[in-house]
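Enquirer: Could you have a look at this structure, given as C-alpha coordinates, before my questions?
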Amino acid sequence: MDVMSSSLQQQRIVVEQLRREAAIDRQTVSESSAKMMKYITEHEQEDYLWTGFTSQKVNPFREKSSCTAL
(Lines give C-alpha, C1' and ligand atoms only; values in the text may rest on other atoms or scores of the structure.)
Protein backbone atom coordinates (compact mmCIF):
# COMPACT_ATOMS: atom_id res chain seq x y z
CA MET A 1 0.00 0.00 0.00
CA ASP A 2 2.86 2.37 0.81
CA VAL A 3 4.42 1.81 -2.63
CA MET A 4 1.15 2.72 -4.34
CA SER A 5 0.78 5.95 -2.35
CA SER A 6 4.33 7.04 -3.15
CA SER A 7 3.77 6.22 -6.82
CA LEU A 8 0.52 8.18 -6.76
CA GLN A 9 2.30 11.13 -5.11
CA GLN A 10 5.02 11.07 -7.79
CA GLN A 11 2.39 11.04 -10.52
CA ARG A 12 0.65 14.03 -8.93
CA ILE A 13 3.92 15.93 -8.86
CA VAL A 14 4.49 15.15 -12.55
CA VAL A 15 0.94 16.24 -13.43
CA GLU A 16 1.39 19.52 -11.51
CA GLN A 17 4.65 20.20 -13.35
CA LEU A 18 3.03 19.47 -16.72
CA ARG A 19 0.18 21.84 -15.89
CA ARG A 20 2.66 24.61 -15.03
CA GLU A 21 4.52 24.02 -18.29
CA ALA A 22 1.28 24.02 -20.30
CA ALA A 23 0.32 27.39 -18.78
CA ILE A 24 3.52 29.10 -20.00
CA ASP A 25 2.93 31.77 -22.63
CA ARG A 26 4.58 30.61 -25.84
CA GLN A 27 5.76 32.56 -28.87
CA THR A 28 6.47 31.46 -32.39
CA VAL A 29 10.08 31.29 -33.54
CA SER A 30 9.47 33.94 -36.18
CA GLU A 31 8.05 36.34 -33.57
CA SER A 32 10.95 35.72 -31.17
CA SER A 33 13.58 36.11 -33.88
CA ALA A 34 11.98 39.36 -35.07
CA LYS A 35 12.13 40.71 -31.51
CA MET A 36 15.78 39.65 -31.17
CA MET A 37 16.72 41.30 -34.46
CA LYS A 38 14.95 44.51 -33.42
CA TYR A 39 16.81 44.52 -30.08
CA ILE A 40 20.14 43.90 -31.79
CA THR A 41 19.69 46.72 -34.30
CA GLU A 42 18.56 49.12 -31.56
CA HIS A 43 21.60 48.34 -29.36
CA GLU A 44 24.34 47.71 -31.91
CA GLN A 45 26.03 51.05 -31.19
CA GLU A 46 26.55 49.94 -27.56
CA ASP A 47 28.14 46.62 -28.57
CA TYR A 48 31.92 46.74 -28.25
CA LEU A 49 32.32 43.55 -30.24
CA TRP A 50 30.56 45.26 -33.15
CA THR A 51 31.95 48.79 -32.91
CA GLY A 52 35.24 48.29 -31.11
CA PHE A 53 36.66 50.35 -28.29
CA THR A 54 37.26 54.08 -28.45
CA SER A 55 40.81 53.62 -27.16
CA GLN A 56 43.01 50.78 -25.96
CA LYS A 57 42.82 52.08 -22.38
CA VAL A 58 39.07 51.38 -22.31
CA ASN A 59 39.54 47.84 -23.61
CA PRO A 60 39.58 45.39 -20.65
CA PHE A 61 40.83 42.61 -22.96
CA ARG A 62 43.95 44.39 -24.21
CA GLU A 63 47.30 42.74 -23.83
CA LYS A 64 48.96 43.80 -20.67
CA SER A 65 52.41 45.26 -20.93
CA SER A 66 55.05 42.58 -20.76
CA CYS A 67 57.23 42.16 -17.73
CA THR A 68 60.69 43.60 -17.85
CA ALA A 69 63.61 41.87 -16.25
CA LEU A 70 65.25 43.79 -13.44
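Enquirer: Would you mind working out the accessible area per residue for the chain, using a 1.4 Å probe, and quoting it in Å²?
Expert: Value returned for the chain: 104 Å² of accessible area per residue.
Enquirer: Oh, and also: Report the full-extension gain for the segment Thr41 to Arg26: residue separation times 0.36 nm, less the Cα-Cα distance, to one decimal in nm.
Expert: Contour length minus the Cα-Cα distance gives 3.0 nm.
Enquirer: Once the Cα atoms of helix 29-43 and of the chain are each reduced to a long axis, what angle between those two axes, in degrees from 0 to 90 to the nearest 10, is obtained?
Expert: For helix 29-43, the angle is close to 30 degrees.
Enquirer: Thr51 to Glu63: extension gain in nm, 0.36 nm per residue of separation minus the Cα-Cα distance?
Expert: Full extension of this stretch gives 2.4 nm more.
Enquirer: How much mean residue ellipticity at 222 nm does the chain get from its helices, if each DSSP H run of length 4 or more adds -39500 (n - 2.57) and you divide by all residues, to the nearest 500 deg cm²/dmol?
Expert: Taking each H run of at least 4 residues, the total per residue is -18000 deg cm²/dmol.
Enquirer: Rank Gln56, Val3, Ala22 by how far each Cα sits towards the positive end of the charge dipole of the chain (+1 on Lys, Arg Cβ; -1 on Asp, Glu Cβ) and give me just the farthest.
Expert: After comparing all options, I get Gln56.
Enquirer: Could you state the orientation-averaged shadow area of the convex hull built on the Cα atoms of the chain, in nm² to one decimal?
Expert: Spelled out: convex hull of the Cα atoms, projected over all directions, averaged, 12.7 nm².
The values are calculated or read from the model by the stated rules, or taken from the named source; none is laboratory data. Bear in mind the structure is a predicted one, so any value in this text is a computation, not a measurement. In this analysis, Cβ positions are derived from the backbone assuming ideal geometry, glycine residues included, and neighbour counts consider all displayed protein chains. To get the accessible areas, we keep the full protein, side chains included, count just its heavy atoms, and leave off ligands, DNA and RNA. Shrake-Rupley method; radii C 1.70, N 1.55, O 1.52, S 1.80 Å.
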